[in-house]
Structure formats: structure tokens, C-alpha cells
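The values are calculated or read from the model by the stated rules, or taken from the named source; none is laboratory data. Predicted model, so just to flag it, every value in this text is computed and none were measured. When we count neighbours, we look across all protein chains shown, and the Cβ atoms used for this are built from the backbone with ideal geometry, even at glycine. The area values use the complete protein model at the heavy-atom level, side chains included, leaving out ligands, DNA and RNA. Shrake-Rupley method; radii C 1.70, N 1.55, O 1.52, S 1.80 Å.
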Amino acid sequence: MADTRPVVFCSWGFPEAGISLLREHFNVHVWDGPDGAPREVLLKELADGAAAVLALPPSDRLNPEAMAMAPNLKVISGFGVGFDYVDVAEATKRGIAVCNTPGTLTETTADQAWALMLGMARHVPKGDRYVRSGEWKKYEPALLLGTDIHGATLGVIGMGAIGTAVARRGKGFGMRILYSGRTRRLEAEAETGATYVPMDELLAQSDFVSINCALNAETRGLIGSRELGLMKRTAILVNSARGAIVKQAELAAALNSGTIAGAAIDVFEVEPIAPDDALLACDNAVFAPHLGSATFATRSKMSRLACENIIAVLHGHRPPFLVNPDVWKH
Ligand code: DGY
């Protein structure tokens with residue numbers, strides 16, 4: 001018998017923790033090929049009447065073109081916290097709820113920022129390659145000398161939930177913490193001992209600069225040659241937020257010229273980054289393929305929450321995490 005329940009399209013084989021919840025209520029179409037659903041498949045599902053899409057930020061682009069093709073779409077639920085992949089104003093205009101999964105990945109993403117920071121400061125990937133290569137002959141006093149994290153100054157750009165979690169870890173490492181951003185965060189200051197400063201001052205004073213703001217019109221290209229030039233020559237830039245906050249070519253130039261000492265990068269302007277991108281040729285950087293929230297437990301929680309958002313909207317209830325509250329007039 002044909003399944004006449006509303007269709008939910010999942011653009012990836014997301015963890016079953018959430019998908020199994022969806023199956024109890026809806027006709028669930030899950031893309032089961034490699035690499036996530038191609039755009040034409042996403043658009044066809046929308047055009048064929050999907051009521052909800054469980055989308056993968058930042059890869060899926062839910063732009064006006066996609067929404068114009070979606071006669072029944074009521075909810076776009078992102079598997080993640082960032083919503084720069086969707087045109088929220090257009091969704092609101094069309095009465096489509098946009099949902100995300102904040103809270104589920106805060107601590108995990110902060111762990112990853114720290115993993116990269118420690119890896120860069122203490123040359124973990126280089127050391128690993130060196131040991132494996134068989135070149136290591138004896139203990140050497142000057143081998144792969146790094147930068148101390150304890151007692152150093154950590155600058156957090158964007159003291160939201162993830163920025164605060166990064167700062168909290170910094171406090172545990174005995175760091176002095178500065179932060180900048182649109183809003184002063186008194187609670188975060190009380191918790192982490194952080195001091196609110198203008199961004200230029202943060203750049204000039206920090207030994208480690210961690211980017212933790214959202215990508216939006218204000219933060220796109222926030223860090224370029226001028227800002228990198230304000231940083232200490234010994235400083236390390238950490239980006240676990242969104243690649244487009246940093247002008248990638250200018251970062252590569254700064255790393256090559258020694259304007260800054262290093263970078264630890266989880267996110268790129270375009271993902272995946274092209275293998276011949278100048279940034280990848282920089283030896284004084286460590287990279288990860290957008291792994292901020294990549295733990296078994298967190299990805300399950302994200303799936304569950306993203307699906308609970310869908311279930312709520314399609315049952316006429318306000319979802320737990322709604323990015324565009326203006327859409328919810330009832
Ligand atoms: C997020 O949650 O925004 C992650 O970066 C995945 O896009």
C-alpha cells in the first residue's frame with residue numbers, strides 16, 4: 001500500500017537515533033548513496049512535495065531557488081548549529097520553519113578547537129609523521145620545539161556557547177582570556193575570567209586566537225591581511241567555526257611570510273578544499289576535515305534533536321530549536 005504520510009527527505013544517511021523517530025510518523029526518504037544527496041536529487045524531492053528536509057550544513061544550499069521549487073515544504077531542519085546554508089529571510093517569508101541543534105555540539109566542538117590548538121602548538125602531526133618516517137635517531141633537545149599554552153593569552157572571537165566552552169578550557173590551562181564580539185557576555189566573563197576588548201586589541205595581545213563566531217554578513221571575511229598583520233609573529237590562529245570568516249588566500253600568505261606562526265584549521269572557504277590550494281602547502285598549519293562535532297555520541301544527539309524539530313513542526317507544535325521565531329505566529 002502506498003505510504004501517504006508526509007514525506008521527509010534526509011539528504012544524508014544520518015544516525016538512526018533520529019531517523020528511526022521520523023519513521024514512526026512519516027514517509028522517510030533517506031539518500032543512501034555516497035557523499036550526500038546531489039543537488040538535483042534534493043531539488044526533485046522538494047518539487048515532488050517533501051514537507052520537511054533534514055539537511056546537512058554547510059553543504060546543502062537551501063536558497064530561494066530551492067524554496068521556490070518546494071510547494072509543501074514546512075520545515076528545514078539542519079543537522080548542526082550553523083544556518084548559513086539557508087536563506088532564513090526567504091524561509092520566513094514563505095512560512096518555512098528553520099531549525100538547528102544548538103547545545104548538542106557545544107562541548108564537542110570546543111574539544112576539537114583545543115585538539116587542533118594543542119596539535120599545532122606542540123607539533124603533534126609533525127611529530128607523528130617524523131616517528132613513522134624512521135628518521136628519528138635520538139632524543140634531540142631542539143627537536144620540534146613548540147609554544148606553551150599554559151600561561152599564554154587566548155583570544156576568543158565570538159563568546160557564544162562554543163566560544164565560552166573554548167574559554168572555559170583555557171581557564172583550566174591557566175590562560176589569560178580576552179574576547180571580542182558584538183555583545184558583551186557578563187556570564188561568560190564571570191565563568192571564565194575573560195576580558196572584553198575590541199577585536200584589534202585581542203589580535204595584538206593574544207598568543208592563540210580562536211574563531212568561534214557565526215558566519216553572517218558581518219563576519220564574512222572578518223580576518224584578512226590587516227587583522228593577521230596585527231597578530232604577534234609567534235601567534236597561532238584556530239578556526240573551528242566557518243572557513244569564510246577568514247580570507248583563506250590571505251591566511252596562506254601570512255603563514256608563508258611568517259606574519260603569524262601557525263594556524264589550526266577545521267573549516268575552509270570551500271569544502272572540501274582543493275588539493276592545490278595554497279593553504280595546504282603551508283607547513284606551519286594543521287588541518288582537519290570539518291570534524292568539530294564528529295564524535296559518536298554528539299552526532300547521535302544531533303540527529304535526534306534535528307528529527308525532533310521536524311516532528312514538532314509537522315505536528316503543529318513549536319520546535320525545540322527554531323532559528324526564525326517570526327515564522328511561528330500560532
Ligand atoms: C555546525 O553545526 O554548524 C557544523 O559546523 C556542521 O555544519
Original post:
Which of the GluC sites (Glu not before Pro) found in region 187-277 are in a DSSP loop and have at most 11 neighbouring Cβ atoms, other than their own, within 10 Å?
Top reply: GLU218
Original post:
With each label point set 7 Å from Cα along the Cα-Cβ vector, what nm distance links THR183 and ASP283?
Top reply: 4.5 nm
Original post:
Counting other Cβ atoms within 10 Å of each Cβ, which trypsin sites (Lys or Arg not before Pro) in region 95-161 have at most 10 and sit in a DSSP loop?
Top reply: LYS137, LYS138
Subject >> Backbone HN-Hα couplings from phi across region 151-156 [Karplus 6.51/-1.76/1.60, Hz, Gly and Pro as x] >> reply: x, 8, 9, 9, x, 10
**OP:** For region 178-190, just list the computed ³J(HN,Hα) in residue order, Karplus coefficients 6.51, -1.76 and 1.60, θ = phi - 60°, integers in Hz, with x standing in for Gly and Pro.
**Re:** 10, 8, 9, x, 5, 10, 6, 10, 5, 5, 5, 4, 5
Original post:
By per-residue mean of other Cβ atoms within 10 Å, what is the highest-first order of 36-48, 256-268, 139-151?
Top reply: 256-268, 36-48, 139-151
Subject >> Where region 219-330 is the region considered: accessible area per residue in Å², 1.4 Å probe >> reply: 46 Å²
Original post:
By DSSP, what percent of the beta bridges with both residues in the chain are antiparallel, rounded to the nearest 5?
Top reply: 5 percent
Original post:
Of the listed peptides 270-279, 24-33, what is their order by residue-averaged count of other C-beta atoms within 10 Å, with the highest listed first?
Top reply: 24-33, 270-279
**OP:** Name the residues whose placed amide hydrogens come within less than 5 Å of the amide hydrogen of VAL30, ignoring near sequence neighbours (fewer than 5 apart) on the same chain.
**Re:** CYS10
Original post:
Which whole-Hz ³J(HN,Hα) couplings does region 135-145 yield from phi under the Karplus relation 6.51 cos²θ - 1.76 cosθ + 1.60, θ = phi - 60°, glycine and proline marked x?
Top reply: 6, 6, 9, 7, 5, 10, x, 10, 7, 6, 5
Original post:
When the accessible area of the chain is split by element with a 1.4 Å probe, what percent falls to carbon and sulfur?
Top reply: 56 percent
**OP:** Among the trypsin sites (Lys or Arg not before Pro) in region 174-218, which ones are in a DSSP loop with at most 13 other Cβ atoms within 10 Å of the Cβ? Mind listing them?
**Re:** ARG182, ARG184
